Amino acid sequence: MLSDLQRLLAWLRDHPEAGEHFEEATRVAKLIRQFKVPAYVVTQEDENVLRDIFDRMNNYGKRLSRAEVFSALHSGDAGVDRPRDLSEIAEDIDGRMGFGFIDEDTVLRAFLARRGADVTREVRAEFEPGVRREFAGEPIEDAHLHTQEALERAIRFLQSEAGVPHFAFLPYRYLLVVLARFFAHHPEPAQRNRTLLRRWFWRAAMVGPAMAHGSYTNAMRTLGACVDLADETASVGALLHATAGRDLGFEMPRFRSTTAAARFALCAMWALEPRSVRNGRPYEQEALADLLRGETTASAALSLLVPGATAGLTRVGNRVVLLGDDATPDAVLYLAVKPTTLNEGQWHEVLQSHAMSPAMAADLEAGRAEPLLDARDAAVDMTTRRFLMRMAEAEIEDTPPLDTLDLDATEPERDARVKHAGA
């Protein structure tokens, strides 16, 4: 407000008790308005010289992030009707797809992954002549547009087939990067490969990057290299092979909305198609997106069944997804006592959609916190395990699409080709 003299004067007029500070406030406002910010315009046709100057200046004060450096060096043409930089990609996806705001660092990795498996490479040289890249020779504006398209295909896959409705529900961000690379090179995979890709996604999420690859960076690089630019089925097979023989366990000792295990549970709870406690209708994706707009975790969409239970703050059984008009402290009461707007059958459907039973509702109404939370911990745990089992299908054979097999080949030859597709 100090930078806007008219607003400052209006505020002082409306707050006469602050009149004694009038001179000091206007003095500070004048200093702010008249402060001179040093700036230099460097005219130079050689981009290498400009990059060198940029690097030298970036070594002072607070350094820019890698994504900020990339956008500063490789923004597109402002006159083109397409995303200019990483932030515009994130904003457009957030506004149109209801998936939430993807951080610019993840968008940068998706941008790099689309053009090469190694996402740790030097970003300054990304568009220099002579540098080998996939999709070589494309203009910067096209690269931004096609990165957004690849991310959108990956997000549609997550929302419609993998059971991940929102960025705040995504177990690991690096998996979105790998999916963006896959869909950049194979935009319309066969349905069988989509099924196998869903299995791979959840198996990889359950294995985790540290156990399988040592770090997020190594995971992105290793899994990105599995994508065969010319062979969709071989790509899926290689991804599946990267998780083969790994432990697919699930444990959640305490609930924190930023952990992968908690997000497994959130996806499982969303897969129950939670219903409004007031009208019994399933929540829509849009309601989730609206409530989580601007949020980095799913906490705003979660209510506590027993708010006063100190020990319950870290228990998954104390969380319930309530959206829209239900996202109020009193709405939980409708899970304890049937509202007059619902009949008995509808209310039972509402309870089931929130992994609850009439017995749990009775405990909630009576204030029996411990038996309620014990029972619901077990219910959410079972719901999550069933969800993961259904999504990962670890016990089912990962046969590639039939049209990729030579049915005239001998049985040993077919077995060898199936094995190759998963290698």
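The values are calculated or read from the model by the stated rules, or taken from the named source; none is laboratory data. Model, not experiment: these values are computed from the prediction. For neighbour counting, all protein chains shown are included, and Cβ atoms are generated from backbone atoms with ideal geometry for every residue, glycine included. The protein model used for the area step is the full one, side chains on, heavy atoms only, and it has no ligands, DNA or RNA in it. Shrake-Rupley method; radii C 1.70, N 1.55, O 1.52, S 1.80 Å.
Return the residue satisfying two criteria in turn: it lies in segment 346-357 and is part of a helix (DSSP H, G or I) and open to solvent by less than 70 Å² (accessible area, probe 1.4 Å), and of such residues it is farthest from residue 383 (Cα to Cα). Among those that are part of a helix (DSSP H, G or I) and open to solvent by less than 70 Å² (accessible area, probe 1.4 Å), it is 347. Pull up segment 313-345, narrow it to residues that are in contact (Cβ under 8 Å) with a residue 60 or more places away in the chain and under 25 Å from the mean Cα position of the chain (by Cα), then point me to the one that is surrounded by the fewest Cβ atoms within 10 Å (Cβ to Cβ). Residue satisfying both the conditions and the ranking: 314.
The residues listed here are 152, 128, 138; of these, the one that is at pLDDT below 95 and open to solvent by less than 40 Å² (accessible area, probe 1.4 Å) is 138. Considering (1) touching a strand residue (DSSP E or B) at 6+ places or on another chain (Cβ under 6 Å); (2) more than 22 Å from residue 163 (Cα to Cα); (3) aliphatic (A, V, I, L, M), the lone condition that residue 269 does not fulfil carries the number (2).
Picking from residues in segment 155-173 that are in a helix (DSSP H, G or I) and open to solvent by less than 10 Å² (accessible area, probe 1.4 Å), the one that is farthest from residue 291 (Cα to Cα) is 157. So for segment 379-394 (the condition being under 18 Å from residue 276 (Cα atoms) and either loosely packed, with under 13 Cβ neighbours inside 10 Å or in contact (Cβ under 8 Å) with a residue 12 or more places away in the chain (or both)), does at least one residue qualify? There is no residue in segment 379-394 that is under 18 Å from residue 276 (Cα atoms) and either loosely packed, with under 13 Cβ neighbours inside 10 Å or in contact (Cβ under 8 Å) with a residue 12 or more places away in the chain (or both).
All of (1) over 16 Å from the mean Cα position of the chain (by Cα); (2) among the small types (Gly, Ala, Ser); (3) under 28 Å from residue 323 (Cβ atoms) hold for residue 117 with one exception: (3). If you go through segment 259-290 and pick out every residue that is on the phi < 0 side of the Ramachandran plot and open to solvent by 50 Å² or more (accessible area, probe 1.4 Å), you end up with 9.
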